[in-house]
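Peer 1: The structure that follows is given in the form of structure tokens.
No lab work stands behind these numbers, since they all come straight from the coordinates. Values in this document were obtained by computation on a predicted structure and should not be read as measured data. Every residue, glycine among them, receives a Cβ derived from its backbone with ideal geometry; neighbour counts consider all protein chains shown.
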């Protein structure tokens, strides 16, 4: 009995081993199933953008300097102030320049009076007498000249009517009275208009005095530093009572109503940009996207680089953007219409070829592709597949051609 019991135990153990061996063979022969997620292939439109970073600078920056050596008498502004065009920003000490202007103005007025006196130096009575002398001289000349001409007429008809001495006397009288008439006229002209030489000297004196007065007035006007545009004070380089030198900087004004972003664009993107092209300008500091416009494109690469200078203008009338704020600028550099794109993880290597796996009858099928353009998260492709095919996305790196697929989407 004891022997039979041991025998039954051995048989059961052998059967157990056989059963275990059969389970292992079944597991070995069972095909592996790969779990994946997929998406349908569809046609879409894509805009390709190139992204760059830049800092905002004001479109206009004006540095005003002193054009005079003088102490600062009054400051009407402080750093950060909003200012208007034609506003008086700074006033320099004007005392010395006011005195110089008054003196030069007085000299000019005296020179004008002297010129008038030089042009008309005689009284009316003296001029009247000179005019009478001209009238008398003219009458005497007319009489003498007629007498001489009449004698010439008689002599031409009757020879010997007048002797040579008589004719010479008549001619001399005509010439003498003509000279007297000319002298009387010259004297009257001098009395009426003055000496040309004296007038020229007086006029030169007036011109010189006028130049001096104009210059002193210009210096006087420079004591007031006038704002040339609407804007704000970004830098103030002086204090009240401080003595400033000529050409030393006083104040910097910025016009922040428009700001510029200066970008160095890659040679791969520059050919896609055009003047007045719009672009997106995102400033994280204010969490806002602005519309930018390309206003300058340099057609020559910067020295030592393969990058091209581009300027983007952004309207800032609401004053949200401050100088120095960093922006992300996106330019549209390409546009694809009705193309196929798959997630980057869908593109895999198989037998040294680039391709994707599509699902056919629950199995993975490798399709070779041509890569048209690589995007940040997707790849635009061409290949021998059909619209609405299911392309493997998640789990594609674990798949091989022919694998049995469990598409969990």
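Peer 1: Only Cα pairs under 8 Å and at least 6 apart count here; give the relative contact order of the chain as a rounded whole percent.
Peer 2: Worked out over the chain, it gives 29 percent.
Peer 1: Between 159, 78, 370, where does the largest GNM mean-square fluctuation fall for the chain, given springs only between Cα atoms within less than 10 Å?
Peer 2: Among 159, 78, 370, the largest mean-square fluctuation in the Gaussian network model of the chain belongs to 159.
Peer 1: Comparing 355, 165, 383, which has the greatest mean-square fluctuation in the GNM of the chain with Cα pairs linked when under 10 Å apart?
Peer 2: Evaluated over the chain, the most mobile residue of the options is 165.
Peer 1: Follow-up. To the nearest 0.05, how large is the calculated FRET efficiency for residue 247 and residue 303 if R₀ is 35 Å and r is the Cβ-Cβ distance?
Peer 2: 0.65
Peer 1: So what are the range 142-277's ellipsoid semi-axes, whole angstrom, largest first, if each one is the square root of 5 times an eigenvalue of the alpha-carbon gyration tensor?
Peer 2: Details: eigenvalues 1498, 166, 23 Å².
In descending order the semi-axes read 87, 29, 11 Å.
Peer 1: Report the label-to-label distance for residue 264 and residue 136 in nanometres (one decimal), using points 7 Å from each Cα along the Cα→Cβ vector.
Peer 2: With each label point 7 Å from Cα toward Cβ, the separation is 9.7 nm.
Peer 1: Moving on. With springs only between Cα atoms under 10 Å, which of 226, 283, 34 fluctuates most in a Gaussian network model of the chain?
Peer 2: Its mean-square fluctuation being the largest, the pick is 34.
Peer 1: Another one. Any chance you could give the angle, 0 to 90 degrees and rounded to 10, that helix 124-157 forms with the longest Cα principal axis of the chain?
Peer 2: 70 degrees
Peer 1: Residues in the range 314-350, backbone N under 19 Å from the label point at residue 285 (7 Å along the Cα-to-beta-carbon vector): list them, ranges by number please.
Peer 2: 314-330
Peer 1: Follow-up. So what is log10(I(q)/I(0)) for the chain at q = 0.14 1/Å, when the Debye sum runs over its Cα atoms only?
Peer 2: Result of the Debye calculation: -1.22.
Peer 1: Tell me the Kirkwood radius of the range 297-409: reciprocal of the mean inverse pair distance over distinct alpha-carbon atoms, in Å.
Peer 2: Computed over Cα pairs of the range 297-409, the Kirkwood hydrodynamic radius comes out at 17.9 Å.
Peer 1: Oh, and also: How far, in degrees from 0 to 90, does helix 2-29 lean away from the longest principal axis of the Cα atoms of the chain, to the nearest 10?
Peer 2: The helix 2-29 is inclined about 30 degrees to the chain.
Peer 1: A follow-up question, please. Given 10 Å bins starting at zero, what is the percent of C-alpha pairs of the range 104-212 in each, up to the one with the largest pair distance?
Peer 2: Histogramming the range 104-212 at 10 Å steps yields 14, 25, 20, 16, 12, 8, 4, 1 percent.
Peer 1: Counting only helical runs of four or more DSSP H residues, what would the 222 nm mean residue ellipticity of the chain come to if each run contributes -39,500 (n - 2.57) and the total is spread over all its residues?
Peer 2: Calculated mean residue ellipticity at 222 nm is -12500 deg cm²/dmol.
Peer 1: Which whole number of Å³ per residue matches the convex hull of the alpha-carbon atoms in the range 243-347?
Peer 2: 207 Å³
Peer 1: Please determine, in degrees from 0 to 90 and to the nearest 10, the orientation of helix 164-193 with respect to the longest principal axis defined by the Cα atoms of the chain, where the helix direction is its Cα long axis.
Peer 2: Here the helix axis deviates by roughly 50 degrees.
Peer 1: How much length would be gained if the chain were fully extended between residue 158 and residue 110, taking 0.36 nm per residue of separation minus their Cα-Cα distance, in nm to one decimal?
Peer 2: Result for the pair: 10.5 nm of gain on full extension.
Peer 1: Once you wrap a convex hull around the alpha carbon atoms of the range 151-223, what is its projected area averaged over all directions, in nm²?
Peer 2: The directionally averaged projection comes out at 7.9 nm².
Peer 1: Compute the FRET efficiency between residue 377 and residue 317 as 1/(1 + (r/R0)^6), taking r as their Cβ-Cβ distance and R0 = 51 Å, and round to the nearest 0.05.
Peer 2: 0.90
Peer 1: If I stretch the segment between residue 149 and residue 350 completely, what's the gain in nm (0.36 nm per residue apart, minus their alpha carbon distance), one decimal?
Peer 2: Taking residue 149 through residue 350 to full extension adds about 59.1 nm, to one decimal.
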